[in-house]
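Just below is one structure, and these are the notes that go with it.
A short reminder: the numbers here are calculations on the coordinates, not readings from a lab. All values reported here derive from a predicted model rather than from experimental measurement. So basically every Cβ, Gly included, is an ideal-geometry build from the backbone, and we count neighbours across all protein chains shown.
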Amino acid sequence: MSQGWDFDSSMFENTTEQRLFLDDPAPMDLLMALHASTDVKTGQLDKLIGKLDKRSKRKAYKEWFLSEVFYKAHQYVLKEYVKHSSFNEALTTGSYDCVSGSAIYGLLLDRYGFEYEVIETDYHVFLLIHGEGDRRYIYESTEPRAGFIKDQEAVNQYISVFNTEVINGKVDQLAELGSVTSQFSEESTIYASISLRELAGLQYYNDAVHHFNDGDKEMTYRQLAKAKAIYPSERVLSLYEYIAAIQEEEKKLARR
């Protein structure tokens, strides 16, 4: 097994996930590993890439091309915002959330050689793109009409919303990343630049929280173990240790 990940087959939903996860995975493999299927259709993404490849010859007009990437992605791939949609759902049905939408954009920006950061916050993910000089741009994947932010004052204002403390524990309408209430206090603030690979780990974490809220502790543990292997961040480790402790306590009670 690559990466030093010691998982047996029982940790995976199917052999496709196991192969994508363990066989020297690239970021896209790890993104596709969650709820993996042999029937994921990439036709719309292929069409989008074909269209953008032709237009990339004019990439010297960087701001123009960034606009093309953003809006064409919504035209071809990102059709409907649905909370907790996976990367594979985005490819197959067009349903996406901030994680899967940002993943699509990250892969495209890599393809066309742009410098960018995936920004993880307490409850949301977006892309910060670095242009010429000090210019920066925002890709807010959940806003199909106004999510490409290029006005520099608007960019700074957008970032400032996430780079400050959560006030009184309130979360605005952009809250999409799963959370367990006890994990976050009013002072909790995450603002971190992560890789696409780590974003895949965050996707597993988000799925784990979804299962936790549904009361499925076994599936929560499996997804967290995979999230921890990819991206052992503080919040991933915190929830993993919490679930592991619950499972250990249940085993002790069962032996009595």
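Quick one: order 194, 129 by neighbouring beta-carbon count within 10 Å, fewest to most.
194, 129
What are the ³J(HN,Hα) values, in whole Hz, obtained from phi via the Karplus relation 6.51 cos²θ - 1.76 cosθ + 1.60 with θ = phi - 60°, for each residue of region 114-127 in sequence order, with x given for Gly and Pro?
8, 8, 8, 10, 8, 9, 9, 10, 3, 10, 7, 9, 8, 10
Taking the simple approach of a point 7 Å from Cα along Cα-to-Cβ for both residue 255 and residue 13, what is their distance in nm?
3.3
Taking the alpha-carbon distance from residue 41 and a cut-off under 25 Å, which lysines remain once sequence neighbours fewer than 8 residues away in the same chain are dropped?
Candidates past the 8-residue exclusion: 51, 54, 72, 79, 83, 226.
Treat every Asp and Glu Cβ in the chain as -1 and every Lys and Arg Cβ as +1, leave all other atoms uncharged, and give the resulting dipole magnitude about the Cα centre to the nearest 20 debye.
860
Excluding residue 82 itself, what net charge comes from residues whose Cβ is under 9 Å from its Cβ, given Lys and Arg +1 and Asp and Glu -1?
-2
Just report the Cα centroid separation between region 185-256 and region 113-140, whole Å.
What the calculation gives is 26 Å, centre to centre.
Which residue, 192, 245, 33, has the most motion in a Gaussian network model of the chain that connects Cα atoms within less than 10 Å?
Maximum fluctuation in the GNM of the chain, among the listed residues, is at 245.
Rounding to the nearest 10 and keeping the result within 0 to 90°, find how far the Cα-based axis of helix 98-111 lies from the longest principal axis of the chain.
Tilt relative to the chain: about 50 degrees.
Using a simple spin-label model with points 7 Å from Cα along the Cα→Cβ vector, what separation in nm is obtained for residue 23 and residue 246?
Reported label-point gap for residue 23 and residue 246 is 3.4 nm.
If you take every residue apart from residue 26 with its C-beta less than 11 Å away from the C-beta of residue 26, what net charge results, scoring Lys and Arg +1 and Asp and Glu -1?
Within the 11 Å Cβ shell, the charges total -3.
Could you line up 15, 121, 42, 220 from fewest to most neighbouring Cβ atoms inside 10 Å?
If I rank by nearby Cβ atoms, fewest first, I get 15, 42, 121, 220.
So what are the ³J(HN,Hα) numbers for region 193-209, from phi and the Karplus equation (6.51, -1.76, 1.60; θ = phi - 60°), rounded to whole Hz, Gly and Pro as x?
8, 10, 8, 4, 4, 5, 4, 5, x, 5, 5, 5, 4, 4, 5, 4, 5
Which lysines, on any chain, are close to residue 251 with Cα under 17 Å apart, when same-chain ones fewer than 8 places away are left out?
Excluding near neighbours in sequence, the set is 217.
What net charge is computed for the residues neighbouring residue 38, neighbours being all others with C-beta under 13 Å from the C-beta of residue 38, Lys and Arg scored +1, Asp and Glu -1?
So the surrounding residues net to -1.
Rounded to the nearest 500, what is the chain's calculated 222 nm mean residue ellipticity when only DSSP H runs of at least 4 contribute -39500 (n - 2.57) each, over all residues?
-16000 deg cm²/dmol
For the chain, what does the alpha-carbon gyration tensor say about shape, rounded, prolate or oblate, given a ≥ b ≥ c as the root eigenvalues, a/c under 1.5 as rounded, and a/b over b/c as prolate?
Oblate is the answer for the chain, as a/c is 1.5 or above yet b/c matches or exceeds a/b.
Quick one: if you stick a label point 7 Å off each Cα along the C-beta vector at residue 39 and residue 71, how many nm between them?
3.6
What does the highest-first list of 103-113, 143-153 look like by mean Cβ count within 10 Å?
103-113, 143-153
Note the full-extension length gain between residue 145 and residue 79 as 0.36 nm times their separation in residues minus their Cα-Cα distance, in nm to one decimal.
Residue separation times 0.36 nm, minus the Cα-Cα distance, leaves 22.6 nm.
Can you order the peptides 202-210, 246-254 by their average number of other Cβ atoms within 10 Å per residue, highest first?
202-210, 246-254
In degrees between 0 and 90, to the nearest 10, how far off the longest principal axis of the chain does helix 234-255 point, with axes built from Cα atoms?
20
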